1. Starting with the highest mean, order 77-84, 128-135, 191-198, 236-243 by the number of other Cβ atoms within 10 Å, averaged over the residues of each peptide.
2. With every atom except the alpha carbons ignored, what do you get for Rg and Dmax of the stretch 70-156, in angstroms?
3. Rank the residues Val233, Val144 as a footprinting-exposure proxy: fewest other Cβ atoms within 10 Å of their Cβ go first.
4. Report, as a whole number in µm² per second, the diffusion coefficient that Stokes-Einstein gives for the stretch 129-178 at 4 °C and 1.567 mPa s using the Kirkwood radius over alpha carbon pairs.
5. Determine one quarter of the surface area of the Cα convex hull of the stretch 148-265, which equals its mean projected area, and express it in nm² to one decimal.
Amino acid sequence: MPVRADWSLLGIVIVLGACQRPAASTSVRDTVFVAGTKIGTAPPNTNDGEWSMPARDYANSRYSGLAQITPDNAKNLHVSWTFSTGVLRGHEGQPLVVGNTMYIVTPYPNVSYALDLTQPGFPLKWKYRPENAQAAVGVACCDVVNRGATFSDGKIVYNLLDGHTVAVDAGTGTELWRVKMGDVNRGETITMAPIVVKGKVIVGSSGGEMGVRGWIAAIDLATGKQKWRAYNVGHDADMKVGPRFKPFYAADRGANLGVSSWPGD
């Protein structure tokens, strides 16, 4: 199988263009509005210099209003600093930047790092290495990637390949809670980046290639307790299908349709 270019990444590379970090505030592009459109929903923190959740906002726009790098000076970008995680697998999670700290999560074994952006060389503030069952490596279908963490209420929250979700104190790296959400013995792993909505951490399973029953669940951000779980197949109660579900097609208007497969199967 050909190796994807991003698999060769050992860590995080910071590039600087013709402009260095401004002494005062960072300039932001003038906003241009087009009637009836918008770039995306606002992120939890509207500071353009921060990136506190996957894809930056709930619309997954990956958009920032920062304007220091322009079409004119992009040609002057060069490597200014690197950080090696030492993990030779797919790095698919974007770093988070909250305040003056950068947070990084590696592929399996899913180690997280906090780097101090106020000091020369961006030294390590803390490192957190969770317990993570090695058996998950043999179960994961498509490399042992991790798609990143999210920040909320002073916590860094992310998933482990072996089916656990963890919350770490963003200031100290201390584990605040750890909860088992998937069962690696059934072929379940978790590689997704969680999102936090109204105090609930939303996570979901991987493992469809192994024939597992897919699910999405909500965890209480404060306590790590599961609030609810919904499955992709099964009875309406298992799938959280209720009176507010209004299917467009007539063939989908029935009770417990998730217990049978598609027509013809």
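Bear in mind these aren't lab numbers, they're just calculated from the coordinates by the rules spelled out. Source: prediction; values computed, not measured. We place every Cβ from the backbone using ideal geometry, glycine too, and count neighbours over all the protein chains shown.
1. Highest-to-lowest ranking by the protection proxy: 191-198, 128-135, 236-243, 77-84.
2. 15.3, 49
3. Lowest count first: Val233, Val144.
4. 111
5. Averaging across all directions leaves 8.7 nm² for the Cα convex hull.
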